Amino acid sequence: MAAKKIGIVAAMPEEFALLKERFHAAPVRSIGPRDFLAASVGGREIVLVCSRVGKVAAASTATTLVQSFGVDALLMTGVAGGIAPEAGIGDIVVADTLIQHDIDLKGVMGCQRFDIPLLGLSAIPASSELLKIAAEAAHALVRSDDYARAVAGLAQRAPKAHCGVVASGDRFINESTERDELRRLIPRLMCVEMEGAAVAQVCAEHGVPLAVCRIISDSAGSGAVVDFQAFIERAAAFGSERFVAEFLARLP
């Protein structure tokens, strides 16, 4: 992995706070409403930032990391709603592909649903090299006793790691009918969130390798709001911090 400066994005302030503490990151610069912090890990510079929720916020953050800080790789971590039956609460999903589930230009300019006209595709692949490293980190995390204790009481079984499709959209999915429709339309869909595919588009446009890891916080059904709030408070921040540490430790 040739990257010398890696951008690390968390969507939620709770996750960002633990990352900042873990890596003793120091403030570098504030751009707009966001504070960017830097640290050195294993001879590499990392730039940490909290994007906040949503595709526009995430895309703006990723663009700033690329254009103003010159990162040459990017990692995004956070939570997601499980779509696939095997994606249980507390599981870790590493994206091999990212799709914007709320873009729909079918019948316009020859587009089909999910197509991104600028890129001429609907699914953006993650970096194969970073995907391998992220998958190793995810498997290490779910085998950790500390992580198992963090999700205990929220998860119904021991946590597992998965690779698959992650879909993003500016809607919190908490209806079973919408969840099932997305699963029907997107083969291999593991989970849904609100940022990853927007970051993937920015990275694709600039040729920056990307990895996205998501911790399943809810089942994207009728109980999603309650599950999500409880999970953020008890497990997600800890899990994101540990995943980033495992990921950085495995970079060659």
Looking across the stretch 200-214 at residues that are in contact with a strand residue (DSSP E or B) (Cβ under 7 Å, 6 or more places away or on another chain) and assigned to a helix (DSSP H, G or I), the single one that is surrounded by the fewest Cβ atoms within 10 Å (Cβ to Cβ) is Ala204
What number of residues within the stretch 12-71 satisfy the criterion of being crowded, with 16+ Cβ neighbours inside 10 Å, out of contact with any Phe, Trp or Tyr (no Cβ under 8 Å at 6 or more places or on another chain) and among the small types (Gly, Ala, Ser)?
9
In the stretch 198-222, how many are closer than 23 Å to Leu182 by Cα and either modelled with pLDDT of 95 or more or not small (Gly, Ala, Ser) (or both)?
11
Options Arg188, Arg179, Arg171, Arg214: the member that is in contact (Cβ under 8 Å) with a residue 12 or more places away in the chain, under 16 Å from Gly239 (Cβ atoms) and among the basic types (Lys, Arg):
Arg214
Could you please tell me which pairs satisfy a Cβ distance under 9 Å, a separation of 6+ or placement on different chains, a first residue in the stretch 223-246 that is at pLDDT below 65, and a second residue that is among the β-branched types (Val, Ile, Thr) and not in a helix (DSSP H, G or I)?
Ala224/Ile173; Asp227/Ile89; Phe228/Val79
Just wondering, is there one or more residues in the stretch 144-161 that are farther than 25 Å from Ala235 by Cβ, in a loop (DSSP other than H, G, I, E, B) and touching a residue at least 24 places away in the same chain (Cβ under 8 Å)?
no
Looking at the structure I just gave you, is Glu129 surrounded by fewer than 19 Cβ atoms within 10 Å (Cβ to Cβ) and in a loop (DSSP other than H, G, I, E, B)?
no
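The values are calculated or read from the model by the stated rules, or taken from the named source; none is laboratory data. The structure displayed is predicted, hence computed values, not measured ones. Here the Cβ is made from the backbone with ideal geometry for all residues, glycine too, and neighbour counts use every protein chain on show.
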